[in-house]
1. Taking amide H positions as placed 1.01 Å from N in the peptide plane, with prolines and chain starts having none, which residues 5 or more places from I55, or on another chain, fall under 5 Å of its amide H?
2. Rounded to the nearest 0.05, what FRET efficiency do C70 and V119 have when you use their Cβ-Cβ distance and R0 = 25 Å?
3. So what's the net charge close to A80: Lys and Arg +1, Asp and Glu -1, counting the other residues with Cβ under 11 Å from its Cβ?
4. For H162, H189, H110, give me the order by solvent-accessible area with a 1.4 Å probe, most accessible first, ignoring ligands, DNA and RNA.
5. Taking the Cβ of Q97 as the centre, find all other residues whose Cβ is under 11 Å away and add up their charges (Lys, Arg: +1; Asp, Glu: -1).
Amino acid sequence: MGRSRRTIPEELLLLALDPTTGTTAQPQSLDLGLAGAQLVELALAGRIAPDGDRIAVVAPRPTGDPTLDCALELLRRRGAPVRAVNWIGGPRLGLRQTYLSHLERCGMVHAVAGQMCGVLPTTRYQATDNEISREIKARLDSAIRTGVPPDPRTAALAALAHAVGLGKHLYPGNEGRSSRSRLRDLIRHDPMGGLVAHAVMDVQNGVAAQPRRSPAPPVGRQAAPGARPAPEPARGVPMQPRRGPMARAVAH
């Protein structure tokens, strides 16, 4: 895989960077989104393919991208297709920092050291050229505005941006409500991107890895006739993680 084109994980991270604060929007869900973005990029490279709700390795040869190749090798070692929700929900320690460091080496961002409360060290990241982020967002804007089905790469990026909750970051306020809705609708234009985006949202909403079963009533007690089962989390609307003051202050 050549480096003339930015990967979807790189573009998702650049979209999430706040040019004012140097921090990333939605950091917890962004980690899930980056893991999903790797799957989409590997699928576009012909290395993996969807198999129902699972991901199967179809060509294990390296892509030339070390981070993607690491993910591909881990998938290969599974031996059998893995459910997308299981893969995305697995431990991804340091994935966001790995991509931030990669973008810094490529000259797309630069690190700014600082301190919180004059004691705790922090690192923020500023884009070296905001035109790159504007160009990426312009592709989403065009798909939203024109209604023309976007290319698979842009459709997958839109699906992941919605899944991790970047809609309010990219299109804030009441004036951005219709754009956020159309961003969500772009999910349908790329099957792989849609599969991964729904898996990201399922992980956030706490959907179990295995199909849900209604719990049996305790011994000696019967469920009331006509009783309604407990509602499941809404699919397609990610639950936003609660962020405390420490999480807001620390970059990345």
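1. Under 5 Å from the amide H of I55 lie the amide H atoms of V82, R83, A84, each far enough along the sequence or on another chain.
2. 0.10
3. Computed value for this residue: +4.
4. From most accessible down to least: H110, H189, H162.
5. 0
The values are calculated or read from the model by the stated rules, or taken from the named source; none is laboratory data. Nothing here was measured: the structure is a model prediction, and the numbers come from that model. Positions of Cβ are generated from backbone atoms using ideal geometry, with glycine treated the same way; all protein chains shown enter the neighbour counts. Keep in mind that these areas ignore ligands, DNA and RNA; they rest on the heavy atoms of the full protein, side chains included. Shrake-Rupley method; radii C 1.70, N 1.55, O 1.52, S 1.80 Å.
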